[in-house]
1. Could you tell me which of the residues 49, 42, 58 is closer than 29 Å to residue 186 by Cβ, assigned by TED's automatic domain parsing to the domain that holds residue 92, of a type in the set (Gly, Ala, Ser) and over 21 Å from the mean Cα position of the chain (by Cα)?
2. Looking at (1) of a type in the set (Ser, Thr, Tyr); (2) in the same structural domain as residue 147 (by TED's automatic domain parsing); (3) in contact with a Ser or Thr (Cβ under 8 Å, 6 or more places away or on another chain), which is the only condition residue 233 fails?
3. Just for the range 243-274: of the residues that are of a type in the set (Lys, Arg) and free of Cβ contacts under 8 Å to residues at least 24 places away in the same chain, which one is farthest from residue 315 (Cα to Cα)?
4. Is it fair to say residue 351 is over 23 Å from residue 248 (Cβ atoms), hydroxyl-bearing (Ser, Thr, Tyr) and buried (at least 21 other Cβ atoms within 10 Å of the Cβ)?
5. Looking at (1) buried (at least 22 other Cβ atoms within 10 Å of the Cβ); (2) of a type outside the set (Asp, Glu); (3) in contact with a Gly (Cβ under 8 Å, 6 or more places away or on another chain); (4) farther than 21 Å from residue 327 by Cβ, which is the only condition residue 250 fails?
6. Kindly indicate which of 168, 149, 118 is in a loop (DSSP other than H, G, I, E, B) and among the charged types (D, E, K, R).
7. Of the numbered conditions (1) under 24 Å from the mean Cα position of the chain (by Cα); (2) over 30 Å from residue 49 (Cβ atoms), residue 167 satisfies every one except a single condition; which is it?
8. Just the residues that are of a type in the set (A, V, I, L, M), modelled with pLDDT of 95 or more and either under 24 Å from residue 155 (Cβ atoms) or outside any strand (DSSP E or B) (or both), please, taken from the range 76-103.
Amino acid sequence: MATGERPTGHDGHALRPERFAALWRSLSAIGRAGDGGYLRSAWSDADLACREWFVEEALDRELGVERDRNGNLYAWWGDRAATGAVLTGGHLDSVPHGGGYEGALGVVAALLAVDLLRERGVTPARPVGIAVFADGTGARFGEPCLGVRLLTGALDPAAALRLRDRDRVGLAETLDRAGGTADGVGPDPQRLARIGGYVELAIEQGHHLSERDAPVGIGTGVWPRGRWRLECSGPGVRAATTPMAERHDPMLTLAFAVLAANKEARLRGGYATVGRVAADPGVTTAVASHATAWLDARAPGEEALAALVDAVTAKITDRAARDATRVQVTVESRTPRVTFDHRLLDSLAATLPGAPAIGTPGTHAAGEFAPRVPAAMLFVRNATGIAGGPGERASDADCAAGVTALADALAALAGG
């Protein structure tokens with residue numbers, strides 16, 4: 001399938017790339033940093049400005065707008081109280097210096113998909129909703145898909161309200177400042193019961209579509225993943241008075257763990273990341289007495305993930321014995337593999353004949369919905385393969401093809 005080629009057999013017209021570019025430009029300046037990335041921390045001024053942009057765009061389209069008790073926004077085409085609704089969307093917050101497409105592409109594409117369906121004369125038999133989920137990246141409070149996980153009940157509301165960001169500001173206080181309230185935060189079974197299906201469009205995290213020369217692909221599911229805390233400890237001594245041969249430095253053990261995670265992930269086709277480290281006492285002139293790191297690990301299958309973490313644990317344990325330090329590996333979260341709804345996947349395959357089917361290592365709202373609501377994903381080709389950073393790129397032609405594919409999927413699911 002050549003770049004920009006329409007990826008469906010639908011008789012209706014496709015979205016033109018310049019139309020995607022025009023709406024994208026109206027959002028893309030908000031929260032942009034000097035390096036080309038974005039600073040749109042959840043509920044920051046930039047994130048709130050993005051949410052205002054969404055409300056204005058929805059009202060311009062005469063869509064009904066509402067906010068739920070978990071801070072998620074919705075724009076509705078049709079009766080929001082009806083059952084069997086088809087939901088789509090994304091998030092508008094970013095990781096620090098993150099890419100512009102992650103999350104936001106799904107929101108922009110959803111607005112344009114509604115435009116396209118209206119131009120085709122489609123009147124959906126079931127309501128179509130566009131969602132902007134709160135703290136989709138989890139960068140502020142450490143819980144990815146925070147708004148979705150609260151909505152579905154995957155995250156305990158009491159635990160959520162105890163969350164603090166790096167400035168020690170709590171979620172409850174943040175919601176109050178943003179014009180919401182912490183009262184009522186948590187599962188919303190009545191809202192979930194009205195959702196008949198969720199389809200999300202996102203930028204691919206990798207090169208699979210580029211390798212297949214395809215602008216759009218179908219997501220089959222989400223890789224299993226988890227977070228593990230690595231704690232290394234030693235006696236702790238002064239740097240100026242302790243010879244190198246007499247030190248038992250937990251930072252060396254931890255450094256070996258980082259290298260081991262990198263090697264094992266490469267060998268097993270998975271991902272392993274140590275992006276957060278803390279040392280105690282954290283003094284330049286002292287050998288640490290305690291070093292803690294957090295390992296994020298993902299793999300295509302359950303066995304591969306278990307093998308990856310087991311291999312890292314074995315290597316760090318062996319290294320600790322040689323360093324005369326102590327080590328403990330504790331699982332903090334574990335999410336099994338998610339397979340998307342087979343009926344939705346069949347519907348997407350029918351509207352996108354020949355589109356590649358790919359799994360994703362990323363954390364997405366669709367993966368959180370899937371245990372409770374039929375869910376699936378579409379992906380747009382990533383020109384660089386970089387996800388969530390300033391180098392993230394998707395061409396306007398590919399994004400327009402993604403919008404067209406999303407519109408076709410929504411028409412098939414919502415009827416009319």
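1. Matching residue, one of 49, 42, 58: 58.
2. Evaluating residue 233 over (1) of a type in the set (Ser, Thr, Tyr); (2) in the same structural domain as residue 147 (by TED's automatic domain parsing); (3) in contact with a Ser or Thr (Cβ under 8 Å, 6 or more places away or on another chain) leaves (2) as the failure.
3. If we take residues in the range 243-274 being of a type in the set (Lys, Arg) and free of Cβ contacts under 8 Å to residues at least 24 places away in the same chain, then 266 is farthest from residue 315 (Cα to Cα).
4. Taking the combined requirement at face value, the residue satisfies it.
5. In the conditions (1) buried (at least 22 other Cβ atoms within 10 Å of the Cβ); (2) of a type outside the set (Asp, Glu); (3) in contact with a Gly (Cβ under 8 Å, 6 or more places away or on another chain); (4) farther than 21 Å from residue 327 by Cβ, residue 250 misses (4) alone.
6. None of the other options fit; the residue is 168.
7. (2)
8. 85, 87, 92
The values are calculated or read from the model by the stated rules, or taken from the named source; none is laboratory data. What you are looking at is a predicted structure, and each value in this text was computed from that prediction instead of being measured. Ideal geometry is used to build each Cβ from the backbone, glycine not excepted, and the neighbour counts take in all protein chains shown.
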